[in-house]
Amino acid sequence: MSAALDIQGLTTRFDTRGGSVTAVDNVSFSVDRGRIMGLVGESGSGKSVTGFSILGLIDEPGRVTDGRVMVEDTDLRSLSPDHLRSMRGRKVSMVFQDPMMTLNPVLRIGDQMAMAVRVHEPMSKTRALERARDALGTVGIPSPEERLAAYPHQLSGGMRQRVAIATALLHRPAVIIADEPTTALDVSIQGQILAEVRRLADETHTAIVWITHDLAVVSSLADDICVMYAGKIVERGTAEEVIGRPRHPYTRGLLDSVPGQHAPGSHLPQIPGSTPQLSHLPSGCPFRNRCPRATDVCATTPPLARFGDHTALCHHPMETT
Ligand SMILES: Nc1ncnc2c1ncn2[C@@H]1O[C@H](COP(=O)(O)OP(=O)(O)OP(=O)(O)O)[C@@H](O)[C@H]1O
Ligand SMILES: [Mg+2]
């Protein structure tokens, strides 16, 4: 069976007055049905632009310049704008950090979910409301029947985000791309939503790309992890491998700066320096100015070091940890 989502060589540029920057640089990964892929990296690394590029939602001054985006057997980049629009929501859905990007504040939850169903599938409103109610139940919303009559502002932030996820699920899409959907929420609510998402992937066989800056979030949720830095995937592998045996010094730095693993009150190590501006990247490895392992060779393009299916774009990957 082919992957639910297969991306090859995806490249997205922004042509601004300050010059052209490559926000997504030759990104490739694939996600099978029922699997969760965590896409991790610091702010500005290109995670959201990757998500938007997959869905064909990049606007001027941005442009996807290269690559292939296969959702099951369809190449999204070869579709007409109308055809692509019909794939969105039906085959591939996006969940945003702010659920109000999905929800309409002036419509009842049931009405807007029923509308979303009927855009792609002709059916009675009663039947569409049943579908909406079932989707709310799937994401663990209690008394879903009653919630159908509520307006978004009558729900808590955690409930609103669950409704947004339920809306993404209405057509049982092959792929859901979730962009930091729990970041704004309380940690215990985050944990509940993550558990529901794991169950969802298992039960509905949806392939999920979970975008986050927080490696701790995906370490418990994801099957596979891609670590992004300055528009590139710098490390990729199963979550177990990437968390347990990080190979790229950047991933090591991210893991070391996860709170909760150090003695209380001790100083939390941080990666020195800050994410470089894409317009001012150093030659060779973009991480080299911040990297404790960097040497002169890092001014040249890093090779893809392979450890079985686990890979790192690095001249000096960690051999053991
Ligand atoms: N509209 C735009 N115009 C110009 N450059 C842009 C635009 N949007 C994004 N970029 C460039 O793409 C880079 C990646 O942005 P992106 O939003 O994907 O980061 P991110 O990893 O999602 O960060 P965050 O964790 O803050 O959400 C930015 O640092 C910026 O250089
Ligand atoms: Mg983002």
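The values are calculated or read from the model by the stated rules, or taken from the named source; none is laboratory data. Predicted, not measured: the structure shown is a model, and the values here were computed from it. No Cβ is skipped: glycine too gets one built from the backbone with ideal geometry, and neighbour counts run over all protein chains shown. Side chains included, ligands, DNA and RNA excluded: accessible areas come from the protein's heavy atoms. Shrake-Rupley method; radii C 1.70, N 1.55, O 1.52, S 1.80 Å.
Return the residue satisfying two criteria in turn: it lies in segment 153-181 and is within 16 Å of ligand 2 (Cβ to nearest atom) and of a type in the set (D, E, K, R), and of such residues it is modelled with the lowest pLDDT. Among those that are within 16 Å of ligand 2 (Cβ to nearest atom) and of a type in the set (D, E, K, R), it is Glu180. Listed by first and then second residue, the pairs linking a residue in segment 42-59 that is modelled with pLDDT of 95 or more and open to solvent by less than 10 Å² (accessible area, probe 1.4 Å) to a residue that is near ligand 2 (Cβ under 9 Å from one of its atoms) and β-branched (Val, Ile, Thr), with Cβ atoms under 8 Å apart and 6 or more places separating them unless they lie on different chains, are Thr50/Ile211; Gly51/Ile211.
Which of the residues spanning segment 285-321 are touching a Leu at 6+ places or on another chain (Cβ under 7 Å) and in a loop (DSSP other than H, G, I, E, B)?
The first filter runs over segment 285-321 and keeps only residues touching a Leu at 6+ places or on another chain (Cβ under 7 Å), leaving 302, 304, 311, 313.
Residue satisfying the conditions is Pro302 alone.
In this entry, Gly67 is excluded by the filter for residues that are among the small types (Gly, Ala, Ser), under 17 Å from Leu5 (Cβ atoms) and within 16 Å of ligand 2 (Cβ to nearest atom). Taking helices (runs of 4 or more DSSP H) as the structural unit, those lying wholly within segment 203-284 and holding at least 1 residues that are of a type in the set (Lys, Arg), away from ligand 1 (no atom under 16 Å from the Cβ) and surrounded by fewer than 24 Cβ atoms within 10 Å (Cβ to Cβ) correspond to 249-256.
Evaluate segment 135-152: report whether one residue or more is closer than 30 Å to Ile58 by Cβ and modelled with pLDDT of 95 or more. Before you say what the answer is, go through the steps one by one.
Step one: filter segment 135-152 for residues closer than 30 Å to Ile58 by Cβ, giving 135, 139, 152.
When the remaining residues are screened for being modelled with pLDDT of 95 or more, the result is 152.
Yes, segment 135-152 has at least one match.
Restricting attention to segment 1-24, the residues that are open to solvent by 20 Å² or more (accessible area, probe 1.4 Å), in a strand (DSSP E or B) and away from ligand 2 (no atom under 16 Å from the Cβ) total 8. When residues in segment 15-41 are screened for being near ligand 1 (Cβ under 6 Å from one of its atoms) and free of Cβ contacts under 8 Å to residues at least 60 places away in the same chain, 1 of them pass. Quick check on segment 110-121. Is at least one of its residues at pLDDT 95 or above and part of a loop (DSSP other than H, G, I, E, B)? Looking for residues that are at pLDDT 95 or above and part of a loop (DSSP other than H, G, I, E, B), one finds none in segment 110-121, hence no.
Could you please find all residues in segment 70-101 being open to solvent by less than 30 Å² (accessible area, probe 1.4 Å), touching a strand residue (DSSP E or B) at 6+ places or on another chain (Cβ under 9 Å) and more than 16 Å from ligand 1 (Cβ to nearest atom)?
Those that are open to solvent by less than 30 Å² (accessible area, probe 1.4 Å), touching a strand residue (DSSP E or B) at 6+ places or on another chain (Cβ under 9 Å) and more than 16 Å from ligand 1 (Cβ to nearest atom): Val71, Leu76, Met87, Val92, Ser93.
Taking the conditions (1) closer than 22 Å to Gly62 by Cα; (2) touching a Phe, Trp or Tyr at 6+ places or on another chain (Cβ under 6 Å); (3) not charged (D, E, K, R) in turn, Gly44 satisfies each one other than (2). Taken over segment 180-202, the criterion of being part of a loop (DSSP other than H, G, I, E, B), free of Cβ contacts under 8 Å to residues at least 60 places away in the same chain and open to solvent by less than 50 Å² (accessible area, probe 1.4 Å) is satisfied by Thr182, Leu185.
Summed over segment 150-179, the residues that are more than 14 Å from Phe96 (Cα to Cα), outside any helix (DSSP H, G or I) and open to solvent by 10 Å² or more (accessible area, probe 1.4 Å) give a count of 6. Is it the case, given these coordinates, that Arg63 is of a type in the set (Lys, Arg) and in a helix (DSSP H, G or I)? No, not satisfied. Among the numbered conditions (1) surrounded by fewer than 18 Cβ atoms within 10 Å (Cβ to Cβ); (2) within 16 Å of ligand 2 (Cβ to nearest atom); (3) within 15 Å of the chain's Cα centre (by Cα), the only one that Ser30 does not meet is (2).
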